[in-house]
Structures are given as C-alpha cells and as structure tokens.
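S.K.: I am attaching a structure below and will ask some questions about it afterwards.
The values are calculated or read from the model by the stated rules, or taken from the named source; none is laboratory data. Everything numeric in this text was worked out from a predicted model, so none of it was measured. All Cβ positions, even for glycine, are placed from backbone atoms using ideal geometry, and neighbour counts span all protein chains on display. Note: accessible area is taken over every heavy atom of the protein model, side chains too, but ligands, DNA and RNA are not part of it. Shrake-Rupley method; radii C 1.70, N 1.55, O 1.52, S 1.80 Å.
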Amino acid sequence: MLFRSQVMKTSSRVLGPEHRDTLFSMDMYAQILDILEKKEEAELLYRQLLHLFEKVHGKEHRLALETMDRIAGLLSDQDKYDEAELLYQQVLQIREKVLSKGHIDIVRSMDTLVGLLERQGKYDEATLICRQMLQLREEVPSEEYPSTISIMEDLARLLEKQGEYDEVELIYQRTLHLADKAYGKDDPRTMASMEHLARVFASQCKYDDAKPLYLQILRLKEEDFGKGDPNTVTTINSLASVLQRQGEHGEAELLYQQALHVREKALGKEHPDTVSSMIDLAEALASQDKYDEAETTYRQAIHLMEKVLGKENPKIAAAMGSLAEMLESQRKYDEAELFYRQRLLLTEKMYGEENSTVLITMDKLAGMLESQDKYDEAEPIYRQALQLKEKVFGKEHPHTVTAMDMLA
C-alpha cells in the first residue's frame, strides 16, 4: 500500500496530475483503500480523481461516470444513502442521454439503483425501475444483460415486500416455466424457481399447492446433492413446516428428526442451525401432546442457545414463550410463570417496554395469573400493560380498549 501511494505521488510530480498514468495510479490506490475498509479516504481520493477525469475528458465520459459509481458505492457502504442515490440517479440520467437505448451500462446503473432503493425500503421506486429493466430486456435483448428470470425474481421479491402476493405468484409461475424450458427440471436454477413459488404458496397458507412442489424439490435434491446436503435439509424443514400447518404432525416430526440428525452429524449439537431444528422438533412434539419429550427438547435448545448465542437473543425469547405456553396448557403454572417472567425481562432488556412482544408477554402472564385467581398479582401487570398501550397505540385503539375491558 505504501508503495502504491509513493507511485501515485511520484507519477503526479513527474508526469503531472492529469497524466493517464497518474490517474491510473490514483484509481488503483483508491481501490486498495476501499478493500482495506478505509472508506472515507477512498471516497476523498475518488472525488479528486473525478474532478480530474471531468477536467480532462468531460463530465459525460465513461471514466468519469465509473468514478461517480464508485463514489456512490462508498457512500452507500457508509450508510449515506441519500447522497449515494443522488449520484446513482445522476449517472443513470447521463448514460441514458449519451448511450443507445438498452446499453449494458444503463441496465447496470438501473440494477445498482434498484439495490440501493430496496435497501432503503423504497420499494415503489425500486419496483418501477425493475419493471423498466424487464421491458428493456424484452425490447432490446442482449446476452450481457441479467437474465429475464433474474430480473423477474428481483421484481417478485420487491412486490412480495409490498404484500402483492397475487402478482408475485404469477411471476414465480412464469419464471418456473421459463427455467424449466431453458434449463430442464433437474437444473438448480429451476429448483430455485420452484422453491420461490412453493414459499409464496406457503406464506399465503396455500399448503395443498406448496406440498407437492416441496416434495418434488426434495426428491430432486436428494438425487442431485444427497440426503445430508445443507440444501436438502433446508427443503426438508420447509416441507415439514407445511405438513405441520396442515395438521400432519407425525410426518412433520419424522422430517424434523431427520433434519436434526443430519445437522447434528454435519454441524455439531451447538450450531445455531442444529438448535433451530431442535425448536422445530419440539413444536411438532407439542402439537401431538408429547409434552415430556417436547419440554426436554425445548429446555435443551434454550440451554444451548444461551451458551452459543448469549442470553439476550430473540430466538431464546421465542423459545421461552413457546415453552411457557405449553407448560400453561398442562397446568404447570409455576414453571410456566417462571418462563413468562424470564421472557418478559429478556424482551424488555432487548427492546424496551414499548414493544409488541413485551406487551403480548405481559398479557399472557397476567391472563395466566388471573386464571389461577391470583388477581392481586395479575392486576398491576394489566394496569402497566394498559398504560403502555395507551402510550403506544392511543386510547381508542382496539388493543387499548381490550386492555381496559380486562380491568373493568
């Protein structure tokens, strides 16, 4: 790095700051600074380089635009999204002005801008540009562009974040058809399209549609990758989740046991993915009233998560809540209360009092105490929850009104 810095300075002194060798050295040094995570230094050097490129070649020159792209990328890396977006927009506008319609550099600019907008949660704007990219792909086809399937999947992902599930489903059905036609059923890209569609079906509770797709994906993955491959295990979990929601708890349990066995063997008992499989298995066991096995599995998973992830983790809080509910259903109130209170303390510490998970836990704890006629203990928790709900939601919100009714 020191050598590259000296080369840049020597070139500037001997050849002049506007010589192409000097500009090349500056560019290389800025790239090194970027790689070394010295973002602010790299940004400053790129801005100097941009000034020189614009002076030597003009603002619309390819090198000036590429440098603007790099500055925007550095700004994005530093979470300076507004500045980065402005630069990316400026680059795109210039490229649309000076290049032919559908030029690969225009498409790349659009793709980069979509990613930045998505990162900021500006899904409407990102969706609009993604649709424009798809139109360009169809009107001015080029081998250099992202594939039609890739653009459509990006569009579907953006629409899914906006809750537009009907269109998302149609897009994924089309991408599956295109991938099947272009690559064949056994190709990983086709399997990926199948998984996207199956996941969307499952997210809309269309389990009868999701199940046969997951079964087909699982068969293909077992043939291509083997039963112990992480990709196969992911599909096993997805299929088991669908079966669990369809009420096929026994089949789900067998699949979760299979996933747990593979992960324990491949990753070890303390790996987060292994512990996640334990939680899934515990839920399947509890659904079949196999409470002793479920309780043992929940407790073991919580212990391992605290050891591996630390005590302040949302997954631990969720597992505590599930175990508390199961214990309450068995009328093991003292143990259930212990886990509800642990979850309450944990979620308050992680999120603060004015959080929906905290309020839900308070309601569950108070409700269980009330069911045991422990009114003196339940009432202050209900009152605290009511005050927080009035603050968070307002006095006329349904959640607040319900809380008032509980105290009436």
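S.K.: From the backbone phi of the stretch 286-292, what are the Karplus-calculated ³J(HN,Hα) couplings (6.51 cos²θ - 1.76 cosθ + 1.60, θ = phi - 60°) in whole Hz, Gly and Pro given as x?
M.R.: The phi angles translate into 5, 5, 9, 6, 8, 5, 4 Hz.
S.K.: Next question. Whole number please: convex hull volume per residue of the Cα set in the stretch 281-344, in Å³?
M.R.: Values: hull volume 4.4 nm³, N = 64.
Taking the convex hull of the Cα positions in the stretch 281-344, it is 69 Å³ per residue.
S.K.: For E138, what is the net charge nearby, where nearby means another residue's Cβ is under 13 Å from its Cβ and Lys, Arg count +1, Asp, Glu -1?
M.R.: Working: positive: K101, R131, R137, R174; negative: E139.
Counting the neighbours of E138, the net charge comes to +3.
S.K.: Another question about this same structure. Given Cβ point charges of +1 (Lys, Arg) and -1 (Asp, Glu) and nothing else, what value in debye, to the nearest 20, does the dipole of the chain about its Cα centre take? Before the final figure, lay out the partial values.
M.R.: Numbers: 52 positive and 75 negative charges, 265 e Å.
Charge dipole of the chain: 1280 debye, to the nearest 20.
S.K.: So what's the stretch 31-118 giving for Cα Rg divided by 2.2 N^0.38 Å, two decimals? Kindly include the intermediate steps, with their values, before the conclusion.
M.R.: On the way: Rg = 12.8 Å, N = 88, 2.2 N^0.38 = 12.1 Å.
Taking N as the residue count of the stretch 31-118, the ratio is 1.06.
S.K.: How big is the charge dipole of the stretch 149-192 about its Cα centre, in debye rounded to the nearest 20, if each Lys and Arg gets +1 on its Cβ and each Asp and Glu gets -1 on its Cβ?
M.R.: On the way: 6 positive and 10 negative charges, 34 e Å.
I would put it at about 160 debye.
S.K.: Can you tell me the order of 46-52, 200-206 when each peptide is scored by its average per-residue count of other Cβ atoms within 10 angstrom, highest first? Walk me through the numbers before you get to the answer.
M.R.: On the way: 46-52: 18.3, 200-206: 16.7.
The packing order, highest mean first, is 46-52, 200-206.
S.K.: Return the label of the correct value of mean projected area of the Cα convex hull in nm², as calculated from the structure shown, out of (i) 21.1; (ii) 33.4; (iii) 26.5.
M.R.: (iii)
S.K.: I'd like to check one number: the per residue accessible area of the stretch 315-398, probe 1.4 Å, reported in Å² as a whole number. It would help to have the intermediate numbers written out before the result.
M.R.: Working: 4490 Å² over 84 residues.
With the other protein chains kept in place, the stretch 315-398 gives 53 Å² per residue.
S.K.: Among T175, H103, L116, which residue has its Cα furthest toward the positive end of the charge dipole of the stretch 90-189, with +1 on Lys/Arg Cβ and -1 on Asp/Glu Cβ?
M.R.: It is H103, whose Cα lies furthest towards the positive end.
S.K.: Related question: Report the net charge of residues surrounding V168, where surrounding means a beta-carbon distance below 13 angstrom and charges are Lys +1, Arg +1, Asp -1, Glu -1. Mind showing how you got there, number by number?
M.R.: Working: positive: R157, K161, R174, R199, K206; negative: E153, D154, E160, E164, D166, E167, E169.
Charge balance in the 13 Å sphere: -2.
S.K.: Could you check how much of the accessible area of the chain is carbon and sulfur, as a whole percent, using a 1.4 Å probe?
M.R.: Numbers: 10710 of 21600 Å².
After summing per-atom areas, the C and S share lands at 50 percent.
S.K.: Step through the residues of the stretch 170-176 one at a time and calculate ³J(HN,Hα) from phi using the Karplus curve (6.51 cos²θ - 1.76 cosθ + 1.60, θ = phi - 60°), rounding each to whole Hz and writing x for Gly and Pro.
M.R.: Result, ordered by residue: 5, 5, 5, 5, 5, 5, 5 Hz.
S.K.: Hey, another quick one. Using the C-alpha gyration tensor of the stretch 249-408, what are the square roots of 5 times its eigenvalues, in whole angstrom, with the largest one first? Numbers along the way, then the final one.
M.R.: Details: eigenvalues 212, 60, 34 Å².
Sorted largest first and rounded, they come to 33, 17, 13 Å.
S.K.: Would you kindly derive the ³J(HN,Hα) couplings of the stretch 309-316 from the backbone phi angles with the Karplus curve 6.51 cos²θ - 1.76 cosθ + 1.60 (θ = phi - 60°), listing them in order in whole Hz, with x for Gly and Pro?
M.R.: In residue order, the calculated couplings are 9, x, 6, 9, 9, x, 5, 5 Hz.
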